[in-house]
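Taken together, the values in this text are just the output of simple stated rules run on the coordinates, not laboratory data. Keep in mind it's a predicted model, so treat the numbers as computed, not measured. Methodologically, a virtual Cβ is constructed for each residue, glycine included, from the backbone with ideal geometry; neighbour enumeration extends over all protein chains shown.
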Amino acid sequence: MTEQVQIFEVGPRDGLQNEKAKISSEQKIELVDLLSDAGFSKIEVTSFVSPKWVPQMKDAPIVMKGIKRKPGVTYAALTPNKMGYQFARKAGADEVAIFAAASETFSQRNINCSIADSIERFQPVIEAATADKIPVRGYISCAVACPYEGAIDPEAVARITKILLDIGCYEISLGDTIGAGTPETIVAMLEAVLKVTEADKLAGHYHDTGNRALNNIEASLEKGIRTFDSAIGGLGGCPYAPGAKGNISTSAVVDMLHRQGFETGIDRAALDPIEVFVGKLVTEAIEDSKQKLH
């Protein structure tokens, strides 16, 4: 049997959140619908965070309610706290995600609290989601390096991974937030994390700043990782990580996996027109915002 690799499409959320120009709710909904038709089974649709911090996501309820839901597709949302969870639940999110960091400085800059405090904030989200039978995914930012602290100790990543799994996350997405990872540093991090959990509870979320994300995915495959986050058209980056280039392009990941004989369930031919749509969407939004300034 051909081995399956799960692609978690994060373009609509992690991809678009960093775009300065406003993308309309209708365009976001159309993007998610196109991705649903392309065979993705996991799509991160939006983020229920304060519009003050991430203005692009202020239409989260409209987008989540407006998408055409396809059977077998999980529509996920990022939720920083219980209030965010409640809004996501009301809007019909099938799954939610919480986000911690392996760097104290990044945690303070990103979510204005320490790592320990962030874990405490997640407890009510986990409790509510467990009661509602909603799966919770955990993100760990700066799993390899931090824009403020430099290299991160793999043991720190392992420690936070264990905490997030222990409080109820079903899977931990390990983020190379600034794309500084190399196959060697990714493997060192994974080896530490694999001492506290199994590979099937982990995902790789590798930004492509250094054009090494594909190599890092290959190294992760060798360590047994079978879930990877990617964004259509390589959208994204982190608003709190200076110089962070976008996520690895979904089509590049799918091409590599299919070449190596893995199954993804994704219709590769459907990705090209979606990339054209995304490119047009971003370009038009930028042009529109320029015209409004004049």
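Values as computed for the structure displayed
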| read-out | value |
| --- | --- |
| Residue within segment 82-97 that is within 20 Å of L235 (Cβ to Cβ) and either more than 16 Å from the chain's Cα centre (by Cα) or not basic (K, R) (or both) present | yes |
| Tally of residues being surrounded by fewer than 16 Cβ atoms within 10 Å (Cβ to Cβ) and of a type in the set (S, T, Y) across segment 105-125 | 2 |
| Unique match (being surrounded by fewer than 19 Cβ atoms within 10 Å (Cβ to Cβ) and within 22 Å of F106 (Cα to Cα)) among A188, A199, A203, A158 | A188 |
| Long-range neighbours under 6 Å by Cβ, at least six apart or interchain, first residue touching a residue at least 60 places away in the same chain (Cβ under 8 Å) within segment 161-185, second among the aromatic types (F, W, Y) | S173/Y139 |
| Enumerated helices (runs of 4 or more DSSP H) restricted to segment 16-99, each holding at least 1 residues that are closer than 27 Å to E120 by Cα | 60-66, 82-91 |
| Tabulated pairs, segment 40-52, first of a type in the set (S, T, N, Q), second part of a loop (DSSP other than H, G, I, E, B), C-beta under 7 angstrom, 6+ apart or interchain | S41/G72; S41/V73; S41/G265; S47/V54 |
| Pair list, Cβ < 6 Å and 6+ apart or interchain, from segment 126-149 residues that are buried (at least 24 other Cβ atoms within 10 Å of the Cβ) to residues that are polar (S, T, N, Q) and assigned to a helix (DSSP H, G or I) | V144/T185 |
| Leading residue by the ranking (farthest from the chain's Cα centre (by Cα)) among those in segment 1-15 that are surrounded by fewer than 24 Cβ atoms within 10 Å (Cβ to Cβ) and part of a loop (DSSP other than H, G, I, E, B) | M1 |
| Candidates A102, A91 - the one that is within 14 Å of I29 (Cα to Cα), crowded, with 19+ Cβ neighbours inside 10 Å and touching a helix residue (DSSP H, G or I) at 6+ places or on another chain (Cβ under 6 Å) | A91 |
| Number of the condition not met by K28 [criteria: (1) under 25 Å from L174 (Cβ atoms); (2) crowded, with 20+ Cβ neighbours inside 10 Å; (3) among the charged types (D, E, K, R)] | (1) |
| Residue check for T197: among the β-branched types (V, I, T), touching a Ser or Thr at 6+ places or on another chain (Cβ under 8 Å) and under 16 Å from A231 (Cβ atoms) | no |
